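Below you'll find the structure, written out as structure tokens, and then a few comments.
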There are 2 protein chains.
Amino acid sequence: MRISELAQATGVPVHTLKYYLREGLLMPGEATSRTRAEYGTEHVERVRLVRALVEHGGVGIAGVRSVLEALAAPPLSRHDLLGVAACALPTPGDDGPVSDEVTALLSDLGWPVSRQAPAVRALSAAVAAAREAGVPLPASTLRRYAQAMIGVAAVDLDEASTTRTPAAAVHMVVVGTVMVDPVLVALRRVAQEAVSAERG
Amino acid sequence: MRISELAQATGVPVHTLKYYLREGLLMPGEATSRTRAEYGTEHVERVRLVRALVEHGGVGIAGVRSVLEALAAPPLSRHDLLGVAACALPTPGDDGPVSDEVTALLSDLGWPVSRQAPAVRALSAAVAAAREAGVPLPASTLRRYAQAMIGVAAVDLDEASTTRTPAAAVHMVVVGTVMVDPVLVALRRVAQEAVSAERG
């Protein structure tokens, strides 16, 4: 298909596709003349991935590039691949310091995670902001929240493992992480009503 | 204390306090002269609650008023009080329709919740948005997420029940719901890394 047809198939305007080409986020099509190139289904998939990362994931161009590089490098394990996808996802506060209480929480939980990961920094910032707003979260409370979120993460990883290719798994983890956040936020409010009603 | 001291004690500027007084969100102080009034600790607490609702909760003036009215009306049960607090919290998509799949999910779960609650509408919108972004969430997946979020809601309600007064419980539910959302979002990402590392 030609670039105009690629635009139609993906819903992404031609000028944005040309931007993706210039930035190296979309591989060139097969040149059929000096000014024309032919695109295939792999281009459609790539455009959808880039668009999902940028639009739904709020991922910057550098983040998209690191995800694509990870996908292109075969020796990575699936776990490493998911790590790259996770690091590309921006989270508020993920460039701040790691707090002592979050370090203690992770040690206490025995979670095998990098103590300097962006999500650990974001967690430190979120706990500090809650405390400033009058919502102290003692270690025991944080631990209970963490244990509940292990259940969520297990579902996330199960969803990603149903995919056939590493690219599809990264797509599911990155886009799924971003798009499922609002689902969980709404479910939490509904669950609060359910628990409150049962307790009377 | 005078209004300037109330401003100092709460960090809320005098002109904002006067706005709260005009809107009926803050009860009048005891008049000590034609232009002066005396404020007490109940005013400090009220200003902190209103500020938390508006600033951290993103609650509108009408929502704040409904929370305050609920607090003033003694016959409400604690559950009803929390319901009023939850309804005052805006969630994206909470004015849209309730989808059939969310209705089916709630029936399947047997949760004793109002089928028309704002959070149920927000959940319908979030599930639809995820699907549009290429993240289908089958009924079995939604059910697993819902079960994990019951664990989160149980912690939420336990935190609220540690408070001594209904006002403090509402404060904890409303401000806690808003301020703990980012904590859970960050915890989810850390938990994904932990689960992924354990699965290898």
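Just so you know, all these numbers are worked out from the coordinates, no wet-lab data involved. Remember, it's a predicted structure, so these values are computed and weren't measured experimentally. FYI the Cβ positions are ideal-geometry reconstructions off the backbone, even for glycines, and counts take in every protein chain you see.
Per-structure values
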read-out: Long-range tail of P(r) for the stretch B:1-95 (Cα pairs > 15 Å, %); value: 62
read-out: Positive-end residue, the stretch A:1-152 charge dipole about Cα centroid, Cβ charges, pick of A:ALA104, A:ALA133, A:PRO90; value: A:PRO90
read-out: Rg(Cα) / (2.2 N^0.38 Å) computed for chain B, rounded to two decimals; value: 1.24
read-out: For B:ALA139, inter-copy label distances in nm, listed shortest first [label point 7 Å out on the Cα-Cβ vector]; value: 4.5
read-out: Global size of the stretch B:100-200 as Cα Rg and Dmax, reported in angstrom; value: 15.8, 48
read-out: Shielding by other protein chains, B:57-65, mean Cβ within 10 Å; value: 0
read-out: Inverse mean reciprocal Cα-Cα distance (Kirkwood Rh) of the stretch B:1-57, Å; value: 11.3
read-out: Estimated D of the protein assembly as shown in µm² per second, where Rh is the Kirkwood radius over Cα pairs and Stokes-Einstein applies at 4 °C, 1.567 mPa s; value: 56
read-out: Relative contact order (percent, whole number), the stretch A:42-148, Cα cutoff 8 Å, 6+ residue spacing; value: 22
read-out: Hull shadow area, averaged, the stretch A:92-139 [alpha-carbon convex hull, nm²]; value: 3.1
read-out: J(HN,Hα) series, the stretch B:124-132, from Karplus relation 6.51 cos²θ - 1.76 cosθ + 1.60, nearest Hz, glycine and proline x; value: 4, 5, 5, 5, 5, 5, 4, 4, 4
read-out: Gaussian network model of chain A, springs between alpha carbon atoms under 10 Å - residue of A:VAL135, A:VAL67, A:VAL190 with greatest fluctuation; value: A:VAL190
read-out: Charge dipole (debye, nearest 20) of the stretch A:58-200; +1 at Cβ of Lys and Arg, -1 at Cβ of Asp and Glu; value: 100
read-out: Percent RCO, i.e. relative contact order, over the stretch A:1-64, from Cα pairs under 8 Å lying at least 6 residues apart; value: 31
read-out: Summed residue charge, Cβ within 14 Å of A:GLU45's Cβ, Lys/Arg positive, Asp/Glu negative; value: +3
read-out: Under 5 Å, built H, 5+ apart or other chain: amide partners of A:GLU38; value: A:GLU30, A:ALA31, A:THR32
read-out: GNM flexibility winner over chain B from B:THR16, B:THR162, B:THR32 (Cα, springs under 10 Å); value: B:THR32
read-out: Distances in nm from A:THR162 to the matching label points in the other copies, shortest first (labels 7 Å along Cα to Cβ); value: 3.7
read-out: Among B:PRO136, B:PRO118, B:PRO166, residue whose mean-square fluctuation peaks in a GNM of chain B (springs only between Cα atoms under 10 Å); value: B:PRO136
read-out: Cβ neighbours within 10 Å from other chains - mean over B:122-132; value: 5
read-out: From phi via Karplus (6.51, -1.76, 1.60), per-residue ³J(HN,Hα) for the stretch A:178-188 in Hz, x at Gly/Pro; value: 5, 7, 8, 3, x, 5, 5, 4, 5, 4, 4
